[in-house]
Amino acid sequence: MKALLIVDVQNDFCTGGALEVKDGESVTENINRVVHRFDLVIASKDWHPERTAHFKKWPVHCVRFSKGAEFHPSLNTSHIQQVFLKGTGTSDDGYSAFEADNIDLSDYLKEHHIDQLYIAGLATDYCVKSSAIDAVKKGFTTYVLTDAVKAVNIDPDDGNEALAAMQQAGCILTDSTSV
Ligand code: VGL
Ligand code: ZN
């Protein structure tokens with residue numbers, strides 16, 4: 001059984017957001033086109049308290065219950081069966097969806113008989129990367145949809161380096177036309 005994990009497609013990571021990924025919302029076109037092809041669709045949200053050590057590294061973003069933490073309006077959320085909240089503590093970055101603390105993602109996927117996990121969303125060089133590498137470590141066959149992710153690219157090569165690191169860790173790089 002195969003699941004799609006949509007990582008952090010939230011207003012603050014899209015155009016005009018507090019931690020803008022250039023044209024971040026463009027990932028929703030390819031995500032929306034394939035959501036119906038999965039046995040299960042789930043999503044993560046960056047969900048920070050007002051004060052956290054994470055904001056020493058980053059502008060304030062995705063504060064829980066704020067507009068910036070909402071899904072971008074262009075994302076079709078109707079197939080999402082569960083949302084995993086991460087970065088909820090005051091000291092951790094919570095980059096990986098496997099660090100979500102409302103529900104354990106690995107247990108949830110196993111309960112739903114998922115062995116293949118496809119990953120899309122934002123941002124390639126942080127939360128997508130961390131979630132994808134953790135998925136391999138947890139034993140899931142892990143695919144990254146390269147035409148449905150986008151990078152922050154503080155350094156212009158960060159996105160490409162992140163994809164290479166995911167592949168090196170055992171993730172399979174594919175795209176939305178192959179699912
Ligand atoms: C993210 C930086 C800070 C992400 C979250 O979702 O990739 N990046 N917090
Ligand atoms: Zn964050």
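Coordinate-derived values only; no laboratory data. Since the structure is predicted, the reported quantities are computational estimates derived from the model, not experimental observations. When we count neighbours, we look across all protein chains shown, and the Cβ atoms used for this are built from the backbone with ideal geometry, even at glycine.
Each residue in the stretch 123-149 was checked for being basic (Lys, Arg), within 10 Å of the chain's Cα centre (by Cα) and away from ligand 2 (no atom under 14 Å from the Cβ), and 0 pass. Do we find that Val60 is outside any strand (DSSP E or B) and either in contact (Cβ under 8 Å) with a residue 60 or more places away in the chain or among the aliphatic types (A, V, I, L, M) (or both) in this structure? Yes; evaluated as a whole, the condition is true for this residue.
The combined condition, being on the phi < 0 side of the Ramachandran plot, more than 16 Å from ligand 2 (Cβ to nearest atom) and in contact (Cβ under 8 Å) with a residue 40 or more places away in the chain, is not fulfilled by Asn11. Considering (1) within 12 Å of ligand 1 (Cβ to nearest atom); (2) surrounded by fewer than 16 Cβ atoms within 10 Å (Cβ to Cβ), the lone condition that Thr15 does not fulfil carries the number (1). Would you confirm whether or not the stretch 116-132 contains a residue that is surrounded by fewer than 24 Cβ atoms within 10 Å (Cβ to Cβ), under 19 Å from His61 (Cα atoms) and not hydroxyl-bearing (Ser, Thr, Tyr)? The answer is no; no qualifying residue exists. Examine the stretch 108-129 for a residue that is touching an Asp or Glu at 6+ places or on another chain (Cβ under 6 Å) and at positive phi, and state whether such a residue exists. The answer is yes; a qualifying residue exists. Looking at the stretch 21-57 only, could you name the residues that are assigned to a loop (DSSP other than H, G, I, E, B) and surrounded by 21 or more Cβ atoms within 10 Å (Cβ to Cβ)? Answer for the stretch 21-57, where residues must be assigned to a loop (DSSP other than H, G, I, E, B) and surrounded by 21 or more Cβ atoms within 10 Å (Cβ to Cβ): Val21, Trp47. Scanning the stretch 60-83 for residues that are hydroxyl-bearing (Ser, Thr, Tyr) and within 16 Å of ligand 1 (Cβ to nearest atom) turns up just one, Ser66. Return yes or no: is Thr77 touching a helix residue (DSSP H, G or I) at 6+ places or on another chain (Cβ under 8 Å), more than 11 Å from ligand 2 (Cβ to nearest atom) and among the β-branched types (Val, Ile, Thr)? No: the conditions fail for Thr77. Close Cβ contacts (under 7 Å, 6 or more residues apart or on different chains) running from residues in the stretch 99-126 that are touching a residue at least 40 places away in the same chain (Cβ under 8 Å) to residues that are among the polar types (S, T, N, Q) comprise Ala100/Ser44; Tyr108/Gln82; Asp115/Thr141; Gln116/Thr141; Leu117/Thr142; Ile119/Ser131; Ile119/Thr142.
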